[in-house]
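Data block below; observations after.
The values are calculated or read from the model by the stated rules, or taken from the named source; none is laboratory data. In this text, all values refer to a predicted model and were calculated from it rather than measured experimentally. For neighbour counting, all protein chains shown are included, and Cβ atoms are generated from backbone atoms with ideal geometry for every residue, glycine included.
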Amino acid sequence: MEYVEINTGPWDDKPDSWWVRLLRRVLPAANPDFEETLYPQTRIWWIELDDDRIPQREIGFNEGGEAIVLGPVGWNYGFAVDESAPWASMDGQSEEATQRFQETWDILWPRFAHLEEKESQQVAAGNRP
């Protein structure tokens, strides 16, 4: 595995255009539990890449450096993990992410594990957010 760190900076606060709002109504959200809550607070991402450089897992941090979101979990495919193409850039390799990814994931996971159960219940009921 390889670990990279990317800095996304602040999210755009402009309202969505009419066509983006329309698409949001028609297409299911890739990360329904996080897109409007945790993602706008996220400034730094640690991305875990497999041997083919395809994103597998991710952890997002707020501007204070606190780990606040992870993916994939439940119906939330992830900010970078949603992209199944190989990671092209060699930039961003992070020694800190390499050393601390699993430990940070294990600490953060209990906050989000309930989303796995929520997904299972929705699948059993034939629902998707």
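Just to be sure before I move on: is Ser17 at pLDDT 70 or above, exposed (fewer than 11 other Cβ atoms within 10 Å of the Cβ), over 25 Å from His114 (Cβ atoms) and among the hydroxyl-bearing types (Ser, Thr, Tyr) in the structure I sent? So Ser17 does not fit the description; no. Of all residues in the range 72-104, those satisfying the criterion of being over 11 Å from the mean Cα position of the chain (by Cα) and under 17 Å from Thr42 (Cα atoms) are Gly92, Ala97, Phe101, Thr104. Scanning the range 81-129 for residues that are within 13 Å of Arg57 (Cα to Cα) and modelled with pLDDT under 75, we see that the one that is surrounded by the most Cβ atoms within 10 Å (Cβ to Cβ) is Glu83.
Residues are listed down the side, and each one gets a yes or a no for (1) surrounded by 19 or more Cβ atoms within 10 Å (Cβ to Cβ); (2) modelled with pLDDT under 80; (3) over 20 Å from Ile107 (Cα atoms):
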| site | (1), (2), (3) |
| --- | --- |
| Leu27 | no, yes, yes |
| Ile47 | yes, no, no |
| Gln56 | no, no, no |
| Gly64 | no, no, no |
| Trp75 | yes, no, yes |
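Remark: pairs (first residue in the range 82-105, farther than 16 Å from Thr8 by Cα; second residue of a type in the set (Val, Ile, Thr) and not in a strand (DSSP E or B); Cβ separation under 7 Å; 6+ apart in sequence or on different chains) = Ser84/Ile54; Pro86/Ile54.
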